[in-house]
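The next block holds one structure in the form of structure tokens; read it before the comments.
The values are calculated or read from the model by the stated rules, or taken from the named source; none is laboratory data. What you see is a predicted model; the values in this text were computed from it and never measured. We place every Cβ from the backbone using ideal geometry, glycine too, and count neighbours over all the protein chains shown. These accessible areas exclude ligands, DNA and RNA; they are computed on the full protein's heavy atoms, side chains included. Shrake-Rupley method; radii C 1.70, N 1.55, O 1.52, S 1.80 Å.
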Amino acid sequence: MKPFKAALFDLDGVVFDTEPQYTVFWGSQCRLYHPEHPGLEHEIKGQTLTQIYDQWFSGPLLSEQPVITERLNAYEAQMHYDYIQGFEQMIADLRSHGVKTAVVTSSNLPKMQAVYRYQPDFKKLFDAILTSEDFERSKPDPDCYLKAAARLGAGTDECIVFEDSFNGLRSGRAAQMAVVGLATTNSAESIRELSDIQIVDYSTITFDALSPLL
């Protein structure tokens with residue numbers, strides 16, 4: 001069994017219970033621009049903003065992208081950023097065993113400023129915070145997780161990724177890391193093939209429970 005050196009966390013749906021709020025926002029935009037496609041906000045869950053724009057807001061809607069981005073930034077500035085149940089206790093347990101921690105998110109710096117305002121102690125929980133500005137390629141490419149491991153001085157076989165979206169889970173798999181799937185955005189059954197274990201929150205997750213995944 002390899003040593004457990006680093007825990008790498010996506011943000012929305014993994015650290016914070018924010019997915020229902022994003023469903024509300026994207027529901028409003030999808031009904032406005034794609035009334036012919038009811039329920040589209042559920043289909044785009046877990047995709048990066050670039051991926052959503054490329055697939056659904058390009059061509060004749062290209063000029064609307066800055067408008068939507070401005071609305072999204074304003075929305076994120078007033079969102080609630082509440083931790084998934086058990087997260088803070090689990091992080092404390094990992095760090096007490098010498099595990100380094102990082103956030104690896106497609107969120108941008110303006111969004112993170114809103115996070116820091118809502119959770120003033122957020123930065124203290126992590127050794128590194130990597131955002132969209134740090135990556136050349138979006139998930140499901142492994143680039144973001146490989147960069148995070150390198151920053152923390154850990155090998156890919158010494159890291160555990162925590163993800164909820166299909167693209168994020170694929171990113172962790174492509175990085176050849178152990179993957180914990182959060183069933184917060186998609187069902188446990190639907191993410192089973194892309195993760196080593198599936199959880200709904202962190203209430204029963206400890207260092208001792210995670211180490212055997214490596």
Checklist outcome for this item: Using alpha-carbon positions, the gyration tensor of the stretch 114-214 gives root eigenvalues a ≥ b ≥ c; with a/c under 1.5 called rounded, otherwise prolate if a/b exceeds b/c, else oblate, the class is rounded
Next on the checklist: Going by amide H atoms built from the backbone, whose H comes under 5 Å of the H on ALA178, apart from near neighbours?
Outcome noted: CYS159, VAL161
Item to check | Relative packing of peptides 139-148, 24-33 - highest average C-beta neighbours within 10 Å first | outcome: 139-148, 24-33
Checklist entry - Hey, got the dipole for the chain? About the Cα centre, +1 on K and R Cβ, -1 on D and E Cβ, debye to the nearest 20? => result 440
Checklist entry - How much net charge surrounds ASP196 when only the other residues with a Cβ under 12 Å from the Cβ of ASP196 are counted, with Lys and Arg +1 and Asp and Glu -1? => result 0
Item to check | Cut-off 11 Å between beta-carbons: net charge of the residues surrounding PHE135, Lys and Arg +1, Asp and Glu -1 | outcome: -2
Checklist entry - Which is the longest part of the chain that has none of the GluC sites (Glu not before Pro) sitting in a DSSP loop with at most 16 other Cβ atoms within 10 Å? => result 37-135
Item to check | For the stretch 90-108 and the stretch 1-23, distance of Cα centres in Å | outcome: 9
Item to check | Antiparallel %, DSSP beta bridges [both residues in the chain], to 5 | outcome: 5
Item to check | Accessible area, probe 1.4 Å, largest first, for residues LEU11, LEU109 | outcome: LEU109, LEU11
Checklist entry - Mean separation of Cα pairs under 8 Å and 6+ residues apart, divided by the residue count of the chain: what relative contact order is that in percent? => result 28
Checklist outcome for this item: Inter-part gap, Cα centre of the stretch 30-47 to Cα centre of the stretch 160-185, in whole angstrom, is 23
Checklist outcome for this item: Filtered hits (lysines, Cα-Cα < 22 Å from LYS147, offset >= 8 within chain) -> LYS2, LYS5, LYS100, LYS111, LYS123, LYS124, LYS139
Checklist outcome for this item: Summed over the other residues with a beta carbon less than 11 angstrom from that of PHE207, with K and R at +1 and D and E at -1, the charge totals -1
